[in-house]
Amino acid sequence: MAGPGSLTQRGSRGERPELPSGQVQLQPPPQLQPSEGAAGVAMNAIPMLGSLGSIVLVAGLGGSGSNSALRFIAAGMFLFATLGFIVVQIDRQRKQRQQQVTGSRTEYLRYLASVRKIARDAADQQRRALTWMHPSPTALPSLAEDRTRVWERSSADPAFLQVR
């Protein structure tokens, strides 16, 4: 009859879960481009203000009468149109900036979600491997009763005499 250490009673080593290694590298968030601010609006508004100034000058140099009233009304309309154009430009730049930030944020959050999945999968794999190599003390009686892993570590095994 063979003893407990003989090769005939050793169980075949079960398939050990692989313990993942390595590091998860995170990319930094995207850099936000500085906004043009008032300088961008001013570059668009300067030609409009110049044409408005010439219209006001023409309206002010005209003669008296009903014709001059029409000139002032036309100048007022150009002033209103120019100010409206400036307001629309400011609003358009603000919305473009907001869309750019939102798009960058969405893309980075999507990237973080994929990294989170990779990290969680690696953590699950690590947990399985470590639980297999170092089972809980409460699980030891059932492992000994099962007898498939009782003699799996020989003296040549790298995990020989490793304990939890």
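Read the figures in this text as sums done on the coordinates, not as results from a lab. Bear in mind that the values here come from a model prediction, so they are computed numbers and not experimental data. Neighbour counts are summed over all protein chains in view; Cβ atoms, including those assigned to glycine, are modelled from backbone coordinates with ideal geometry.
I need the full set of residues from the stretch 70-124 which are surrounded by 12 or more Cβ atoms within 10 Å (Cβ to Cβ), aromatic (Phe, Trp, Tyr) and closer than 21 Å to Ser51 by Cβ, in order please.
Hits for the stretch 70-124 are Phe72, Phe78, Phe85.
Every residue in the stretch 127-158 that is under 41 Å from the mean Cα position of the chain (by Cα) and closer than 14 Å to Glu15 by Cα, please.
Arg128, Ala129, Leu130, Thr131, Trp132, Met133 - these are the residues of the stretch 127-158 that are under 41 Å from the mean Cα position of the chain (by Cα) and closer than 14 Å to Glu15 by Cα.
Output the residues belonging to the stretch 125-164 that are assigned to a loop (DSSP other than H, G, I, E, B), surrounded by 11 or more Cβ atoms within 10 Å (Cβ to Cβ) and hydrophobic (A, V, I, L, M, F, W, C).
Val150, Trp151, Ala159
Residue pairs, Cβ under 7 Å, 6 or more apart or interchain, first in the stretch 139-164 and at negative phi, second exposed (fewer than 10 other Cβ atoms within 10 Å of the Cβ) and outside any helix (DSSP H, G or I). List them.
Arg153/Phe160; Ser154/Phe160
List every residue pair whose Cβ atoms sit under 6 Å apart, with the two residues 6 or more apart in sequence or on different chains, where the first one lies in the stretch 98-126 and is under 30 Å from Glu15 (Cα atoms) and the second, anywhere, is exposed (fewer than 11 other Cβ atoms within 10 Å of the Cβ).
So the pair list comes out as Ala119/Val24.
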